[in-house]
Amino acid sequence: MPPFQLTHNPIGTPPYPIPSEDQQVVSQGEILKILLIDSIPDLANLSKINLERSSRISVTIAKTGKESLDFTRNTQFDAIVSGYDMPDMNGIDLHHALQREGLKIPFILFTVPDDQALLSDPDSPPDASYLDLSQKIRQAVELYRTRNRLELYSKHLEELVEERTRQLREAQRFSVIGELSTMIGHDMRNPLQVITNMNYLLNRRITRMDPEEAAILHKHGIPDLFSRIGVETQYLNKIVSDLQNYAREVNLNLVSTDPGEFLDELLGSITLPDNIMIKKEYHPGILASVDTTLFRRVMENLIINAIQAMETGGVLTLGTAEKNDHICITVTDTGTGIPQSALERVFEPLFTTKSKGTGLGLSVCKRLVEAHGGTIGVRETSSTGTTFEVLIPKVPESVQKLV
């Protein structure tokens, strides 16, 4: 048998973390950790002394294959050097056992030189075979790490291509949605306006009717039908607005706004059910930089969603606070929460868990918030309620003093 034999392993996922980029190449000053397996103590110590003298190598000795397997489960090594004959297995069987456990580091079979002079004089200079072996160890480790780096780069490149492909498909999908939204919004707005105007005129005519004639209409529930038409028209109008808001280019007209005052003003325009209680947790003296018209759509959508989530009533909590360089606005309901299966998709266009709705409301909110340089997300959700969090850049203190 030759003095040593390097076994090349297929590169797989090692049981230890892949070294970071600055650790991939073996530096001259790095001390490599080597596991040496030899059942003869004198020869094992001889190999340890010669290897550690030959290069910057730290050697741990194992006497059997089983002991070496135990070592590798608890300690990370850069390479393994093994004799062929061991009490419990041979070197090839040990190599296979290590591979079955997922250990893919370099494995070198080495036969100690049959030189009695080395044994009799441990202080003599390292034998040439050990110098050669130490060089092979460093080369094998460097090759192994380089292959791992290439594998890591290859995997990263594949993930990057997949992500870019997904983004491209999503952009194409959103582009189609935007074009379709523009067409539908335009074509629906005109007939909706006609229906709204006609409903308004009919209601006015009823109020001006002779009381006896009006009583006949009330008897047959005609005003209730007109009222229902008005409600459904408003719903359709919201769908059209969502479609147009999603497709429309966002142009901001930013102003410094007190978020608490902004929310109070917004609440005054929303019809709240009698079984919904409002709780306010405002931080005083803070200003956010927002386009009040566009941001109104965001907060109105979140508040209406929260109200709809509490079908049997509950508490709607609105909060404002400072969070680093942002103003944090939260909308919390006491509904039944968002299913985990839907949580990652709530901001996707056309995705909805409601029986009625386009699924554009939250995606429009996300688009408008991000246009402000902010973020929107679900802070928490459970069977006892959901909290949406909006982060908007705050007005710098130097500007606040001028406001």
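Below, the figures for the structure above:
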{"read-out": "Helices (runs of 4 or more DSSP H) lying entirely in the stretch 274-390 (those with 2 or more residues that are in contact (Cβ under 8 Å) with a residue 24 or more places away in the chain)", "value": "292-309, 361-371"}
{"read-out": "Only one of Leu217, Leu202, Leu225 that is in a helix (DSSP H, G or I), touching a residue at least 12 places away in the same chain (Cβ under 8 Å), more than 30 Å from Val26 (Cβ to Cβ) and over 26 Å from the mean Cα position of the chain (by Cα)", "value": "Leu202"}
{"read-out": "Selected residue (criterion: farthest from Leu236 (Cα to Cα)) from residues of the stretch 157-188 that are modelled with pLDDT under 85 and of a type in the set (A, V, I, L, M)", "value": "Ala171"}
{"read-out": "Where Leu243 falls short, out of the listed (1) more than 23 Å from Val364 (Cα to Cα); (2) part of a helix (DSSP H, G or I)", "value": "(1)"}
{"read-out": "Verdict on Ile92 being out of contact with any helix residue (DSSP H, G or I) (no Cβ under 7 Å at 6 or more places or on another chain) and in the same structural domain as Ile108 (by TED's automatic domain parsing)", "value": "yes"}
{"read-out": "Qualifying residues in the stretch 69-109 (those that are touching a residue at least 60 places away in the same chain (Cβ under 8 Å) and of a type in the set (Phe, Trp, Tyr)) - the one nearest to Gln135 (Cα to Cα)", "value": "Phe107"}
{"read-out": "Subset of the stretch 246-258 that is touching a residue at least 40 places away in the same chain (Cβ under 8 Å) and not in a loop (DSSP other than H, G, I, E, B) - its residue that is farthest from Leu360 (Cα to Cα)", "value": "Ser256"}
{"read-out": "Any hit, the stretch 277-289, residues being β-branched (Val, Ile, Thr), more than 24 Å from Gly260 (Cβ to Cβ) and assigned by TED's automatic domain parsing to the domain that holds Glu380", "value": "no"}
{"read-out": "Qualifying residue in the stretch 182-198 (condition: assigned to a helix (DSSP H, G or I), under 35 Å from the mean Cα position of the chain (by Cα), among the hydrophobic types (A, V, I, L, M, F, W, C) and surrounded by fewer than 13 Cβ atoms within 10 Å (Cβ to Cβ))", "value": "yes"}
{"read-out": "So Leu368, is it modelled with pLDDT under 90, farther than 22 Å from Gly313 by Cα and either surrounded by fewer than 21 Cβ atoms within 10 Å (Cβ to Cβ) or touching a helix residue (DSSP H, G or I) at 6+ places or on another chain (Cβ under 7 Å) (or both)", "value": "no"}
{"read-out": "Neighbours by Cβ (under 6 Å, 6+ apart or cross-chain): first from the stretch 57-68, outside the structural domain of Pro41 (by TED's automatic domain parsing) and modelled with pLDDT of 90 or more; second buried (at least 16 other Cβ atoms within 10 Å of the Cβ) and of a type in the set (Phe, Trp, Tyr)", "value": "none"}
{"read-out": "Whichever residue in the stretch 221-235 is at pLDDT 85 or above and of a type in the set (A, V, I, L, M) and, among such residues, is surrounded by the most Cβ atoms within 10 Å (Cβ to Cβ)", "value": "Ile229"}
{"read-out": "Test for Ile270: is it assigned to a helix (DSSP H, G or I) and surrounded by fewer than 20 Cβ atoms within 10 Å (Cβ to Cβ)", "value": "no"}
{"read-out": "Qualifying positions in the stretch 55-67 - over 20 Å from Ile31 (Cβ atoms) and buried (at least 18 other Cβ atoms within 10 Å of the Cβ)", "value": "Gly65"}
{"read-out": "Check on Glu261, outside any loop (DSSP other than H, G, I, E, B), modelled with pLDDT of 85 or more, in the same structural domain as Leu391 (by TED's automatic domain parsing) and of a type in the set (Asp, Glu)", "value": "yes"}
{"read-out": "Single unsatisfied condition, Arg345 versus (1) over 22 Å from Tyr235 (Cα atoms); (2) modelled with pLDDT of 90 or more", "value": "(2)"}
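The values are calculated or read from the model by the stated rules, or taken from the named source; none is laboratory data. This one's a predicted model, so the numbers in the text were calculated from it and none came from an experiment. Heads up, the Cβs are rebuilt from the backbone with ideal geometry, glycines too, and the neighbour counts pull from every protein chain shown.
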